[in-house]
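Report on the structure given below.
The values are calculated or read from the model by the stated rules, or taken from the named source; none is laboratory data. Since the structure is predicted, the reported quantities are computational estimates derived from the model, not experimental observations. Neighbour counts run over all protein chains shown; Cβ positions are idealised from the backbone, glycine included.
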Amino acid sequence: MSSSGSSGISSGCRGRGGESEKGIPRKCRCGANSMIQTSNTLKNPGRIFYCCLFGSHEEARHLFKWSDISMVEEIEEVENVVEKIQVDVGSLEKGLHDIDVIKAITQVCEKEIAELKAMVFCYEKEIEALRCFKNMVMCGLFMGIGYYFIFA
């Protein structure tokens, strides 16, 4: 395509089966890399467009797309990506907040576990003391019964 441009061709990007591609076109459907040209027509003087090296005004199946339209599409795509990133950041911030809450709950639970371990240790000591007392009572009881049967 010459640098004279084409005022009769649609402003959409034709490529890949005639489907309109968003953003800056990189290749034509024929596989050739896109090139940048400037229109010299009366209808679009100085307007920049992307085209295929092998395209022409008569052959509309090759790439042709105005650069301003491409740039608007690129900016819209970037805005969409930024919005998705902002949503992801919001989710991450909520996740971090949830992690902080879980950490606080974990610290409370760890304190309670430490207190319960201390209580179990104390109760184990008391149980041990009660077992000793039970053994002393049983020993005394057996001695008393034995004394009764032996000396009675």
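Annotations
- Pairs where the first residue, in the stretch 59-72, is over 14 Å from ARG47 (Cβ atoms) and the second is at pLDDT below 95 and surrounded by fewer than 18 Cβ atoms within 10 Å (Cβ to Cβ), C-beta under 6 Å, 6+ apart: HIS62/PHE54
- Residue within the stretch 61-83 that is exposed (fewer than 11 other Cβ atoms within 10 Å of the Cβ) and among the hydrophobic types (A, V, I, L, M, F, W, C) present: yes
- Residues within the stretch 21-49 that are in a loop (DSSP other than H, G, I, E, B) and under 40 Å from the mean Cα position of the chain (by Cα), tallied: 11
- Once the stretch 12-63 is narrowed to residues that are touching a helix residue (DSSP H, G or I) at 6+ places or on another chain (Cβ under 9 Å) and among the basic types (Lys, Arg), the residue that is modelled with the lowest pLDDT is LYS22.
- Index of the failed condition, GLY95 passing every other in (1) of a type in the set (Gly, Ala, Ser); (2) in a strand (DSSP E or B); (3) surrounded by fewer than 14 Cβ atoms within 10 Å (Cβ to Cβ): (2)
- Total residues in the stretch 23-69 satisfying the condition of being of a type in the set (Gly, Ala, Ser) and under 30 Å from VAL81 (Cα atoms): the figure is 5.
- Which numbered condition TYR148 misses (of (1) free of Cβ contacts under 8 Å to residues at least 24 places away in the same chain; (2) surrounded by 10 or more Cβ atoms within 10 Å (Cβ to Cβ); (3) in a helix (DSSP H, G or I)): (2)
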